[in-house]
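Working notes, beginning with the structure itself.
The values are calculated or read from the model by the stated rules, or taken from the named source; none is laboratory data. Computed from a prediction, not measured in an experiment: that's the story for all the values here. So basically every Cβ, Gly included, is an ideal-geometry build from the backbone, and we count neighbours across all protein chains shown. SASA here: full protein model, heavy atoms, side chains in, ligands and nucleic acids out. Shrake-Rupley method; radii C 1.70, N 1.55, O 1.52, S 1.80 Å.
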Amino acid sequence: MHTLSDPHRMFAECFPERALWPHAWLLSKRLEEGHVCIGLDEPATMGTELPYPPVAGEEIRRVKSLVGIPGEVRPFIIDGERLYLHRYHGYETSIVEHLRAKVASGKARLAERRAELEAVAGLVRSLGADYPLEGLRPDECVDWQLVAAIHAMLLDLSIITGGPGTGKTTTLAKFLRILYTCRPAARVALAAPTGKAAMRMLESLKRSAAAFPEKVRQLIEGLKPSTLHRLLGWQRGSLAFRHNAERPLDYDFLVVDEASMVDMPMFARLLDALGDRTRLVLLGDKDQLASVEAGSLLGDLCQSVGNVRLNGFDASFCDWCNGFLGVGRGLRDEDRATAHGVLAGCVTELRLSHRFRAQGDIGRLSRAIISGDADAVQAIAVAESPELAFDTACSDSVLDGFVQGYADFIRESDPLKALAALNRLRVLVAVREGPRGLYAVNRRIEQMLQSRGLLTPSGDFYDNRPVIVTRNNYELGLYNGDVGITRKSGDRLRVHFEAEDGGVRDVPAASLSHCETVFAMTIHKSQGSEFDQVLLQLPEGTDTPILTRELLYTGVTRARKRVVLQASLDTLLHTTRERVRRTSGLQELLRQ
């Protein structure tokens with residue numbers, strides 16, 4: 001009976017060999033936490049947390065019927081000093097093989113692709129002509145946006161990473177400007193892990209391309225973004241996708257935004273579905289939270305090059321590329337050949353934030369958080385400024401003052417304007433349960449707004465209830481992360497969402513079975529979103545494993561203009577010191 005309350009024991013005890021139980025239990029537990037594998041000797045270090053007597057890692061090698069080595073078909077695979085479930089070892093191995101092949105195929109065509117760019121050298125140079133130099137640090141003076149756009153034109157695999165405001169979508173627009181000038185018939189797919197992120201990518205692209213020549217602008221505006229599930233051909237009732245190695249996607253280029261949200265199984269399936277001639281561009285912030293499911297894919301890919309600063313290219317590329325970048329904006333000696341591994345030269349980090357300049361408090365705080373500098377975080381956070389406020393008491397009066405901003409969307413009768421007003425601010429929380437969890441905070445906000453006569457909550461849906469979709473609904477064309485507002489229409493309630501064309505579409509409230517109130521949302525759900533103002537609440541204490549610098553960084557950087565932090569100083573500093581640690585062999589394999 002003890003196993004009924006512990007699914008990991010239920011899993012472990014499915015196997016007849018008791019010697020395997022400690023490792024099977026821990027592997028199941030770690031997979032739930034986002035790890036891909038465990039160390040062979042890890043169970044022996046756990047003490048009383050392990051529900052079984054520990055077994056030495058070498059002992060389980062003898063369980064030949066259940067434990068194999070790479071290439072064998074067994075439930076468990078030992079690779080070096082790591083233990084995997086067979087399926088996850090397969091994902092990791094497949095990813096490495098596909099990436100090696102992409103890098104090699106790009107190198108084989110490098111000369112012809114350089115010639116293609118040289119034929120439009122004037123255009124390429126013009127895209128960096130207005131890059132600002134005044135007041136920048138030396139590493140910011142390089143026009144990394146143009147370097148990344150050039151790389152995407154040269155390689156079969158290009159990874160573009162950077163924090164908020166560094167111009168990942170602007171870089172993508174420059175790449176598409178070059179691509180469509182060279183190849184107007186190029187078939188390009190845009191995708192992201194969520195529907196909201198996919199639509200936001202296209203909206204940002206359209207803004208960045210507003211001044212482009214009409215033909216290029218029309219090609220960009222004609223792109224149809226998609227979720228990864230929809231791109232691969234989600235099939236109801238099946239774990240398999242329509243597109244795979246036997247039936248690959250038919251595109252010249254695939255661009256995936258918010259790549260930090262992509263988990264290892266999805267990435268393996270995506271690579272399986274890419275034809276030999278489909279080139280892949282990944283965009284994302286390597287410092288953001290990793291995917292909810294197993295793996296920390298983008299972080300592993302970026303860190304595999306072995307250079308903390310990431311950008312490092314061979315001398316030949318640096319000399320050739322500098323012909324496009326212009327005086328003062330070119331690659332320097334320290335950018336030459338400092339990366340290594342399979343992905344050497346494939347990763348470009350954008351370093352200049354156009355939203356958070358060095359002197360801005362949100363920018364300073366986010367950099368201090370992600371570098372784990374607790375002293376700097378404390379100094380910045382406790383100093384009040386127009387951009388930043390810190391409430392150690394976590395008082396309801398501060399929350400009440402902040403959420404009065406929701407009155408704007410409630411009083412706005414036009415649904416499109418109301419949606420814009422709603423998305424100007426958001427309360428972000430770290431957890432779902434507890435007094436500072438999602439459910440409690442949303443109820444408290446409803447009560448605050450009700451006490452002022454702004455809401456009348458009743459039943460599952462009520463007038464002006466803001467909702468977030470929590471599961472893709474392909475029949476309704478709604479996706480995980482879409483935000484809408486409930487409004488009365490006669491004697492019925494309908495939920496209004498922003499449409500792909502920039503207008504509004506509405507659906508009956510009764511048709512939405514997977515949604516939540518969204519005055520507050522989790523930091524995980526906020527990925528890919530931006531708000532003018534954010535109130536960020538952390539739970540009490542320091543015993544919540546989810547509290548890491550990546551979580552805090554992601555929450556803080558959702559704000560464009562102002563952040564209100566509600567947390568004790570101890571919790572804030574503890575969170576800054578903790579890191580997301582997910583075990584996999586991907587970095588090691590890509591460094592070989």
Considering only region 42-68, state which residues are assigned to a loop (DSSP other than H, G, I, E, B) and surrounded by 13 or more Cβ atoms within 10 Å (Cβ to Cβ). M46, L50, P51, Y52, P54, V55, A56, R61, V63, L66
Here the residues within region 540-569 that are closer than 21 Å to R432 by Cα and open to solvent by 20 Å² or more (accessible area, probe 1.4 Å) are E540, G541, T542, D543, T544, P545, I546, R549, S568
Please go through (1) assigned to a loop (DSSP other than H, G, I, E, B); (2) crowded, with 18+ Cβ neighbours inside 10 Å; (3) not charged (D, E, K, R) for G372 and return the number of the only condition it doesn't satisfy. (2)
With respect to D257, is the statement that it is among the acidic types (D, E) and surrounded by fewer than 22 Cβ atoms within 10 Å (Cβ to Cβ) true? no
Here the residues within region 537-587 that are of a type in the set (S, T, Y) and either more than 29 Å from E92 (Cα to Cα) or at pLDDT below 90 (or both) are T542, T544, T557, S568, T571, T575, T576, T583, S584
Among (1) assigned to a loop (DSSP other than H, G, I, E, B); (2) more than 22 Å from S105 (Cβ to Cβ); (3) open to solvent by 10 Å² or more (accessible area, probe 1.4 Å), the one test that L310 misses: (3)
Any residue in region 380-394 that is in a helix (DSSP H, G or I), crowded, with 16+ Cβ neighbours inside 10 Å and at pLDDT below 90? yes
Determine the pairs where a residue that is at pLDDT 85 or above, located within region 192-214, has a partner that is crowded, with 23+ Cβ neighbours inside 10 Å and among the polar types (S, T, N, Q) with Cβ atoms under 8 Å apart, the partner being 6 or more residues away or on another chain. P193/S291
Keeping to region 206-241, report how many residues are in a helix (DSSP H, G or I) and touching an Asp or Glu at 6+ places or on another chain (Cβ under 8 Å). 1
Filtering region 426-437 down to residues that are modelled with pLDDT under 95 and at negative phi, which residue is most open to solvent (accessible area, probe 1.4 Å)? E433
What tally of residues in region 525-534 results from selecting those that are surrounded by fewer than 20 Cβ atoms within 10 Å (Cβ to Cβ) and at pLDDT 90 or above? 2
Do you know which of the residues in region 448-500 that are hydroxyl-bearing (S, T, Y) and under 22 Å from M201 (Cα atoms) is surrounded by the fewest Cβ atoms within 10 Å (Cβ to Cβ)? Y474
Which listed residue, of E58, E17, E13, is acidic (D, E) and without any contact (Cβ under 8 Å) to a residue 12 or more places away in the chain: E13
For residues that are open to solvent by 30 Å² or more (accessible area, probe 1.4 Å) and in a helix (DSSP H, G or I), scanning just region 187-205, find the one that is farthest from V467 (Cα to Cα). E203
Out of region 172-186, which residues are open to solvent by less than 30 Å² (accessible area, probe 1.4 Å) and either touching a Phe, Trp or Tyr at 6+ places or on another chain (Cβ under 8 Å) or small (G, A, S) (or both)? A173, L179, A186
Are there any pairs with C-beta distances below 6 angstrom linking a residue in region 83-108 that is surrounded by fewer than 16 Cβ atoms within 10 Å (Cβ to Cβ) to a residue that is acidic (D, E) and outside any strand (DSSP E or B), with the two at least 6 apart or on different chains, and if so which? S105/D156
